[in-house]
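Remarks on the structure that follows.
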Amino acid sequence: QSNVVIYGTLDAGIHKTSNSANTAIQEGGRDNSKLGFRGQEDLGNGLKALFHLEIRYEVDTGNIERSTRPLFQGQSRVGLQGGFGTVRLGRALTSLQETTTQFEPWSGMPNVAGFQTDLMVAGYRAAVSGSGSDPLGAAGNSGNRFANALWYNSPVFNGFQLNLNLGSKENNGLATAIVGRGTTVAPQYPAGSRAQAYPYSVSATYSAPGTMPQYAVYAGSERNSTEVKWHSVGAYYRPIPALKLMGSYGRQDMSHIRAINDTMKSWVLGANYNVGVGLVRFGYGQRDTDGEVKTKEISVGYEHNISPRTYLYLDLSQKKVPTSTAPASSNMNQNHYALGIHHNF
Amino acid sequence: QSNVVIYGTLDAGIHKTSNSANTAIQEGGRDNSKLGFRGQEDLGNGLKALFHLEIRYEVDTGNIERSTRPLFQGQSRVGLQGGFGTVRLGRALTSLQETTTQFEPWSGMPNVAGFQTDLMVAGYRAAVSGSGSDPLGAAGNSGNRFANALWYNSPVFNGFQLNLNLGSKENNGLATAIVGRGTTVAPQYPAGSRAQAYPYSVSATYSAPGTMPQYAVYAGSERNSTEVKWHSVGAYYRPIPALKLMGSYGRQDMSHIRAINDTMKSWVLGANYNVGVGLVRFGYGQRDTDGEVKTKEISVGYEHNISPRTYLYLDLSQKKVPTSTAPASSNMNQNHYALGIHHNF
Amino acid sequence: QSNVVIYGTLDAGIHKTSNSANTAIQEGGRDNSKLGFRGQEDLGNGLKALFHLEIRYEVDTGNIERSTRPLFQGQSRVGLQGGFGTVRLGRALTSLQETTTQFEPWSGMPNVAGFQTDLMVAGYRAAVSGSGSDPLGAAGNSGNRFANALWYNSPVFNGFQLNLNLGSKENNGLATAIVGRGTTVAPQYPAGSRAQAYPYSVSATYSAPGTMPQYAVYAGSERNSTEVKWHSVGAYYRPIPALKLMGSYGRQDMSHIRAINDTMKSWVLGANYNVGVGLVRFGYGQRDTDGEVKTKEISVGYEHNISPRTYLYLDLSQKKVPTSTAPASSNMNQNHYALGIHHNF
């Protein structure tokens, strides 16, 4: 019989965020919780077929992610790997967003203390109609993923790697029109719209040699189905093996769907420091969206490994976020505390 | 790779219940059908991390339980176990309801012939808006479980064990207001309400020594998110190893959401008798709800084990239930027949 | 621990169909994608308990099949197998449709190039309200399956086998009335209707000896929950081991729900030819629905096996289909191209 591997993550804890939509003590995770099935078949001559099916769910309620997302929200992909690289079809994180997780101090984990979701790709992701990797998809479906897409990862050549990702123009289920540069009566993207240009995501990386490279850099660009673009560059550096310093810069261009205030810039600096069985995470970043006061975020986290697969964590974060009343010319402090357990299997 | 265990149950059969909402011959199970994934990681010094993810579904339709419940309706929990006991976070059966399954003649299986769902916690569960363990949860979601909760099971100390369970005050998705002691215009719990007091469930048990104790007793109490309370005590006794006699009593206090008729009492007596490869189940119980005629139930069941993991079963039950026309001052006979197969894997 | 087997299929590719609802290049599969769990328990004396739980999903979006179908849309069945044959309860493909997959040139795979879904059981399946195996089921749920049903497969006796399948009259969730021979005001099947007669499906097969029989024949009949009937016969023949020639004929009787145009006839001829590591599929068929011009379909496909579990494929198909404007007295050409990868695990 075949050699299917079952893998996953459960992350559960309690957290509290002041000046947010829900300021009560809540149960929830810091990382995505996953239950995945993966396998590969050796085809000879270094060629193999491979697949991933990854369920995302909420440990605290037992439901699939946000109750609305696809069963295999994590990814569903099948393809071939060989000397030419890896080619896969299906649904998954975009190539650029997969790359940037290595350059973000919370490793791309989508929580308040992290920087990937809320600071680096926010606006692009959720703040604006037409944002996100799949804005023409079903409601609640958007985020950081392409459906109906193709992925290509080149082999690593002298430290260089190229990652390409091309979406289709299919109807992905847009239920509510996106007004964009149109009007309520004649929205730019009526319900059921298909992409007019192919969505894509591309990243190029260079890493120093070794399994734990001393440094690495990336540059990439992405265009979603409403032709919003996101460009990003970044680097990390390890002065000593225990310390990883990192930084990234991104620029988002919403001019295809907005007449004014169409640019968002963000930058993040961070560090990961291994101390005994612990890991300290630190980050500071800013997001500058046209027509809004800046968002500023500072976060510190500690992971205490109690085994190779299990750690306890504590995150503390403070954000200055625009007040919810537009025009957001003033901001307010949002304090976030989280404490939990993270288990891989 | 990790040692994930896949386990589960399929229960399918045919049943017929007279004087019920559907009196046709129906296909369906006697027990919950499950597909679960569980694992543990040894952390040394007797400490371990452990998790459970349990899908509930209907064998007859292939759908998730009631088509509306969370994917991992059975449970989704992660935590640590050691000399201090077991601590877990997530969603699962409440501590008290987990305890009472051992003292109920149908082992807590949720079917018409059993007593746990319909007789012991009915009213508390489903008959009244605001009942159930999670009445402020999404529609169809209620039942015997807490989401967003913490569980603690103490070590067994001289036969004694304590089980604690604390829910959060999170918004669990109440879609339709619960009028309760308010009015239609000003309901006690408007849509989207959060709990005003922390839901909890607690049970204490004492068991005689051995893997098949000669006797055991429990006492426990539970408060749901609308502050309805349920108190219960019970015991079992084995005069000979093949025979288990059991009884329990419960009292429910709905005064927080009802001005009148706020009390429900119930008691159940039962026996389990092993005869060769078979098991006979017997039970009799009554429920006395304020302002209603009593519900009386008598049931007998037989399980024929054709292997360690598979049995065939037959259940016969007669209930005197209140007629559906309120005030339910008269009752009617409801006869129930079920025949099926139960397979564990 | 038990011996659960995880199995499945991922099929992903790109396809394009002219003169269809969506003529863009699309990503999608040729075959159903599956993730299944199955197991069996040896009960001694040749008796065993067995189960199947099979998730169906779309690789391109990560969602469950059509976003609306039951989690275990593939099948959820449990039962016993022994000298008497196999008895199972649950949800699965009907007995007749399971049989016909062996006599159809695309092995019953539900794609445009194949003949089973669109040509042999179309109309019966989807074109008409009240069609499909489960027309009184929840929307999007219909298709080729019975829920709440019983299956019996006889032992093979001198090459003969009998397959029986009986559905229940349960309410399977019909949300929108089926007018049928009634009126909008008094529809034949109001929302929530139950079947008035038991749905059934039956097939009988005869196969020549051996694991790769030189020839086989079948005859069968099916009645769905709205009493639409489908009768079908077919045969295959292998003049040489590498070549399988096949043909089938079907007749559908919709007189229970239609006053006029109540008959649909269809026939398919096809061939499968193994050439080296490749397989060529060819088919031609016609469907003659009362009151409509004929549908004619010709298809050719090639599968290139790159391993025992993985193949690449190419399908080309041309259909003459009725124009969408009723009365469909004229037809148009629909050209279909598909290219993809099919991986079993």
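Bear in mind these aren't lab numbers, they're just calculated from the coordinates by the rules spelled out. Predicted model only: the values in this text are computed from it and were never measured. Quick reminder, even Gly has a Cβ in these numbers, built from the backbone with ideal geometry, and neighbours come from all protein chains shown.
Mind ranking B:99-110, C:242-253 by how tightly packed they are, going by the mean number of other C-beta atoms within 10 angstrom, highest first?
So the order, starting with the most tightly packed, is B:99-110, C:242-253.
To the nearest 0.05, how large is the calculated FRET efficiency for B:His231 and B:Ser67 if R₀ is 30 Å and r is the Cβ-Cβ distance?
Efficiency, rounded to the nearest 0.05: 0.35.
Can you compute the modelled spin-label distance between C:Tyr198 and C:Ser18, with each label point 7 Å from Cα toward Cβ, in nm?
5.1
Where the centre of each part is set by its Cα atoms, how far does region B:51-102 sit from region C:266-327, in angstrom?
47
Could you please report the charge total around B:Ser330, scoring K, R as +1 and D, E as -1 over all other residues with beta-carbon less than 11 angstrom from its beta-carbon?
Net local charge, B:Ser330 excluded: 0.
Can you list the distances in nanometres, one decimal and ascending, from the A:Ala235 label point to the identical position in each other copy, with the point 7 Å along Cα to Cβ?
Inter-copy label distances (nm, one decimal, shortest first): 7.7, 7.7.
Across the Cα atoms of chain A, what radius of gyration and what greatest pairwise Cα-Cα distance (Dmax) are found, in Å?
Final numbers for Rg and Dmax: 20.1, 62 Å.
Could you compute the FRET efficiency for C:Ile240 and C:Thr101, with r as their C-beta to C-beta distance and R0 at 30 Å, rounded to 0.05?
The value I calculate is 0.85.
Need the list of lysines near B:Lys319 for cross-linking: C-alpha distance under 26 angstrom, and skip anything on the same chain fewer than eight residues off.
Straight-line reach from B:Lys319, under 26 Å: B:Lys16, B:Lys229, B:Lys244, B:Lys265, B:Lys294, B:Lys296, C:Lys169.
Give the order of A:Ile14, B:Ile341 when sorted by the count of other beta carbons within 10 angstrom, beginning with the fewest.
If I rank by nearby Cβ atoms, fewest first, I get A:Ile14, B:Ile341.
Sorted from shortest, what are the nm distances separating the label point of C:Asn335 from equivalent points in the other copies, each placed 7 Å from Cα along Cα to C-beta?
6.9, 6.9
Which value, in nm² and rounded to one decimal, describes the direction-averaged projected area of the C-alpha convex hull of region B:1-114?
9.2
Take C:Val121, C:Val5 and order them by how many other Cβ atoms sit within 10 Å, fewest up front.
Ascending number of Cβ neighbours within 10 Å: C:Val5, C:Val121.
Could you give the semi-axes, largest first, of the ellipsoid that matches region A:248-345, computed as the square roots of 5 times the alpha carbon gyration tensor eigenvalues and rounded to whole Å?
Calculated on Cα positions only, the semi-axes equal 34, 15, 12 Å.
Rounded to the nearest whole Å³, what is the per residue volume of the convex hull around the Cα atoms of region A:27-175?
120
Quick one: P(r) of region B:220-272 from all Cα-Cα pairs, 5 Å bins, percents rounded to integers, in order of increasing distance.
5, 18, 21, 16, 13, 10, 8, 5, 3, 1
Taking a point 7 Å out from Cα toward Cβ as the label site, list the nm distances between B:Gly210 and the same residue in every other copy, smallest first.
Ordered by distance, the counterparts are at 6.4, 6.4 nm.
Under 11 Å from the 7 Å Cα→Cβ point of A:Ser154, by amide nitrogen: which residues of region A:185-228?
Residues passing the 11 Å test: A:203-206.
Based on the Cβ-Cβ distance of A:Asp288 and B:Phe84, what FRET efficiency does E = 1/(1 + (r/R0)^6) give at R0 = 56 Å, to the nearest 0.05?
Efficiency, rounded to the nearest 0.05: 0.70.
Provide, in order from the shortest bin, the percent of all Cα-Cα pairs of the protein assembly as shown in each 10 Å bin, continuing until the bin that contains the maximum pair distance.
2, 9, 17, 23, 20, 16, 10, 2, 0
Per the Kirkwood definition applied to all pairs of different Cα atoms, how many angstroms is the hydrodynamic radius of region B:146-298?
When all Cα pairs of region B:146-298 are included, the Kirkwood radius is 18.2 Å.
In nm, give the distance between the simple-model label positions of A:Asp253 and A:Asn274, each being 7 Å from the Cα along the Cα-to-Cβ direction.
4.0
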